[in-house]
Amino acid sequence: LEAEPCQSLAWGGGINGIFAGEHRFDLEQREDGNTHLSHTEVFSGLFIGFADLPVPVLTEGYERMNEALRREVEGK
């Protein structure tokens, strides 16, 4: 959906109005030279209430992905 080098990456899928999701990574350069990552996912559509999207499971997966990315970037 969007790819801006050193700024953002967004992808998604589904059927608009029925069930769709957009997943994003947005990067913000900080004054101290560090980079802040905003990692979001938004679901929409009529059938969102019927989807099996348990927040704790999604959150754990996102946190694990963020931690793996941090280790990769920091070389640890």
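The values are calculated or read from the model by the stated rules, or taken from the named source; none is laboratory data. Keep in mind that this is a model prediction, so the values were computed, not measured. Every residue, glycine as well, gets a Cβ built from its backbone with ideal geometry; the counts of neighbours run over all protein chains shown. In case anyone asks, the SASA skips ligands and DNA or RNA and just uses the protein heavy atoms, side chains included. Shrake-Rupley method; radii C 1.70, N 1.55, O 1.52, S 1.80 Å.
Points worth noting:
- Correct choice for mean projected area of the Cα convex hull in nm² that was computed from the model, options [x] 6.2; [y] 5.3; [z] 7.4: [x]
- Taking 0.36 nm per residue of sequence separation and removing the Cα-Cα distance, the residue 55/residue 32 pair yields an extension gain of 5.0 nm.
- Cα centre as origin, Lys/Arg/Asp/Glu Cβ charges: the chain dipole, Debye: 180
- Loop-located GluC sites (Glu not before Pro) across the chain with a Cβ neighbour count of 13 or fewer within 10 Å are 31, with loop assigned by DSSP.
- For the chain, the longest principal axis of the alpha carbon atoms and the long axis of helix 55-74 meet at an angle near 20°.
- Accessible surface of the chain [probe 1.4 Å, protein heavy atoms]: carbon and sulfur percent: 56
- Across the options 36, 73, 48, the greatest Cα extent toward the positive end of the charge dipole of the chain (unit charges at beta carbon of Lys, Arg, Asp, Glu) belongs to 48.
- Gyration tensor (alpha-carbon) shape descriptor, the stretch 37-76, a/c threshold 1.5: prolate
- Among 33, 21, 49, the largest mean-square fluctuation in a Gaussian network model of the chain, built with springs joining Cα atoms closer than 10 Å, belongs to 33.
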